[in-house]
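These notes are about the structure you will find just below.
The values are calculated or read from the model by the stated rules, or taken from the named source; none is laboratory data. Keep in mind the model is a prediction, meaning the values are calculated, not measured. Backbone-built Cβ (ideal geometry, glycine too); neighbour counts: all protein chains shown.
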Amino acid sequence: MDYSKYGQLEITRDGPVVTVTLNRPQVRNVINGELHDELATIFTDLDLDDDCELVILTGAGGYFCGGGDLNWVLSQNRNLVVSAHAGRANRRIQTSLLDLEKPIIAKVRGPAIGLGCSLALLCDFVYATPDATFADPHVSVGLVAGDGGSYLWPQLIGYARARRYLLTGDPIKGAEAANIGLITDAIPDDELDQTVDQMAKRLISGATYAIKWTKASINTALKATASAVIDRAGAFENLTQMTKDNHDAAQAFLQKEKPTFTGT
């Protein structure tokens, strides 16, 4: 498989293990349009890569993903063409991750925010440092959680807890995320790489087809839930991209101010 077309993602290989690194560390690996489009194809390419048996997903520079680039978010406000393109790509990101039968491990340092959080939670194992930050703060910028959070959080930690975080946008640290079952485990920073590598080696030395198809079986129920939610949540997110609240909130965050919502 030729990964040379990817510019915002760094793809490296160690035998059957392929590491995908979000590679915009100068801006905390926030997702712009180009990176979003690359995320919409990378997991399908990995699925077709016969030399790949396991994927590690991480971020460069001590950041997993700081969420969506606010200028890119603003470009979608009241722009049906741009927001519809992003919506289609967003669906491909989620479905391609759910369809990937090869095990995928998220290695999280720093922030995993918005779509970055969903990227991590869609992986089979999520190992993070205790001070890593997980959040789906779409509502904080006047948007519906349309990129996976609305079905992932309830499935992982239950509806009551999910509402607590999704309806407020509040963050949760890696240690607490592990305690409530949002992620696999919180690991000290100096042990994180070794922990991920050990699990990767264990999985690729196991019964490959049994592991892949057990994963596929587990994901069957999650895919059914996702199928019922993805388009509806995406459509609602698209609608909120047409609102003044979304526009004003994105502008406020760019100016490092607290947004004021008017319900319009």
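Tabulated values for the structure
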{"quantity": "Meets criteria (part of a helix (DSSP H, G or I), hydrophobic (A, V, I, L, M, F, W, C) and either at pLDDT 95 or above or crowded, with 20+ Cβ neighbours inside 10 Å (or both)) for L57", "calculated": "no"}
{"quantity": "Matching entry among E38, E34 (being in contact with a Phe, Trp or Tyr (Cβ under 6 Å, 6 or more places away or on another chain) and part of a helix (DSSP H, G or I))", "calculated": "E38"}
{"quantity": "Filter pass, A175 being over 26 Å from A250 (Cβ atoms), in contact with a strand residue (DSSP E or B) (Cβ under 7 Å, 6 or more places away or on another chain) and modelled with pLDDT of 95 or more", "calculated": "yes"}
{"quantity": "Cβ-Cβ under 7 Å pairs, at least 6 apart or on other chains, the range 142-168 side more than 20 Å from L98 (Cβ to Cβ), far side outside any helix (DSSP H, G or I) and among the β-branched types (V, I, T)", "calculated": "G142/T243; R161/I180; Y165/I172"}
{"quantity": "Filter result for D136 (modelled with pLDDT of 95 or more, surrounded by 23 or more Cβ atoms within 10 Å (Cβ to Cβ) and over 19 Å from T58 (Cβ atoms))", "calculated": "yes"}
{"quantity": "Sole exception among (1) among the hydrophobic types (A, V, I, L, M, F, W, C); (2) crowded, with 16+ Cβ neighbours inside 10 Å; (3) in a loop (DSSP other than H, G, I, E, B) for M242, by number", "calculated": "(2)"}
{"quantity": "Residue that is within 30 Å of V82 (Cα to Cα) and modelled with pLDDT of 95 or more, where the choices are L166, L254, L203, L192", "calculated": "L166"}
{"quantity": "Which numbered condition D47 fails, given (1) part of a helix (DSSP H, G or I); (2) in contact with a strand residue (DSSP E or B) (Cβ under 9 Å, 6 or more places away or on another chain)", "calculated": "(2)"}
